[in-house]
Amino acid sequence: MVTQQFVAPPARAALFLVLTVNEGSEEVVRDVLADLSSITRSVSFRIPDDQLNCVLGIGAEFWDRMFALPRPRGLHPFVPLDGPRHRAPATPGDLLLHVRAHHMDICFELSRQVMDRLRGHAVVIDETHGFKYFDERDLLGFVDGTENPEGAAAPAAVLVADEDPEYAGGSYVIVQKYTHDLEAWGELSVEQQERVIGRSKLEDVEMPDAIKPVNSHVHLNTVIDADGVQRQILRDNMPFGRLGTEEFGTYFIGYAADPGVIEQMLRNMFLGSPPGNTDRILDFSTARTGTLFFTPTLDFLDDVPPGPGSASATAPVGAPSDADAKADLGIGGLRSAAAH
């Protein structure tokens, strides 16, 4: 089994595309999914040192349109949150493309090639171009992703395992686009900003529990299970900005073997823990989007399962498929040949 590269080397640039797919275009998408690895290799071959990486996610409702298979256990539409002061909206999304590399040009080229194949069949709901900002900081000036798991802990936190064996090796990903009120944020002193986040700004050191505010971002994003073990996720957030419209923000993207961990963090932030004790960072950061996807393995994408009602989906186990028949006749080998 080959996984998508959720745990990837640090990238300097990222392009995030959230798409909806037109009714009746499922077979076009099926062909694109099957060719995605080949397209990525072809683009990456031009600049191999740029470490181009593309992760594809599939939304819950589109999964039902695409496959005869049941949904992965944790896949469902993003649950919106209406808190006492802040709201986390749910927004449409059938497909997610998370494209990463050292430079934006190669991210753009891969995304362009995929969108050329989907022209007339999919609509871009959100397009965000992210960039690394100095020493891994966000536009608020704090280091982002400090608590990401490392080594063997990273795949353990990110990859589905025996709890859902049919989809082992895949992952769940939640994306949210946050915009920041940098003017209001800049009016705070550094000490006040540190109390909002729960870490020192310059040194990136977490405050001791005795002095860390209970409504700080770090405190409310720490999830402890019944056994006293901290649950981890992998963040690959990116700053983004548009000077002309003064839109500045952070694109949150979190991978997890269990989406419930991220959902608990969001409930803590927006509803409060205890209820009403909401994340102070939300006074300066507003969630504009929210979508949940499942990211299957590369093996799954390279051999896309049949759709609902297809002959392959209803054929008895062991019966030859159309693809098998074509292979026996020496037909249909072009894709495999092109991939090499």
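What follows is calculated from the coordinates using simple rules that are stated; it is not laboratory data. All figures in this text were calculated on a predicted structure; none of them were measured in a lab. Here the Cβ is made from the backbone with ideal geometry for all residues, glycine too, and neighbour counts use every protein chain on show.
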Full extension between E150 and F134 adds, at 0.36 nm per residue less the Cα distance, a length in nm of 3.6 nm
Here the convex hull volume per residue of region 19-91, taken over Cα atoms and given in Å³, is 148 Å³
Rounded to the nearest whole number, the per residue volume of the convex hull around the C-alpha atoms of region 220-314 in Å³ is 198 Å³
Only helices counted: for the chain, with every DSSP H run of 4 or more residues adding -39500 (n - 2.57) and the sum spread over all residues, [θ] at 222 nm is -8000 deg cm²/dmol
Of 198-211, 110-123, 248-261, ordering from highest average Cβ density within 10 Å down gives 248-261, 110-123, 198-211
Hull surface over four for the Cα convex hull of region 72-217, reported in nm², is 12.8 nm²
Beyond 18 Å, the calculated P(r) of region 127-190 holds a percent of Cα-Cα pairs equal to 60 percent
Treating only Lys and Arg (+1) and Asp and Glu (-1) as charged, each at its beta carbon, one finds that the chain has a dipole about its Cα centre, in Debye to the nearest 20, of 420 debye
Convex hull around the C-alpha positions of the chain: the volume in Å³ per residue is 155 Å³
Filtering the chain for DSSP H helices with an axial alpha carbon extent of at least 20 Å and a Kyte-Doolittle mean of at least 0.0 returns 26-44, 104-118
Total charge of the residues flanking V123 in space, meaning their Cβ is under 14 Å from its Cβ, with Lys and Arg +1 and Asp and Glu -1, is -3
Its Cα gyration tensor gives region 103-159 an equivalent ellipsoid whose semi-axes in whole Å, largest first, are 30, 18, 11
Log entry: pair-distance distribution for region 1-157, C-alpha pairs binned every 5 Å from zero, whole % per bin is 2, 8, 14, 17, 19, 19, 13, 6, 2, 0, 0
Checking region 120-197 for chymotrypsin sites (Phe, Trp or Tyr not before Pro) in a loop per DSSP with at most 10 other beta-carbon atoms within 10 Å yields F134
R85 and L202 label points (each 7 Å along its Cα→Cβ direction) are spaced in nm at 2.9 nm
In nm, the gap between the two label points placed 7 Å beyond Cα toward Cβ at R119 and A34 is 2.3 nm
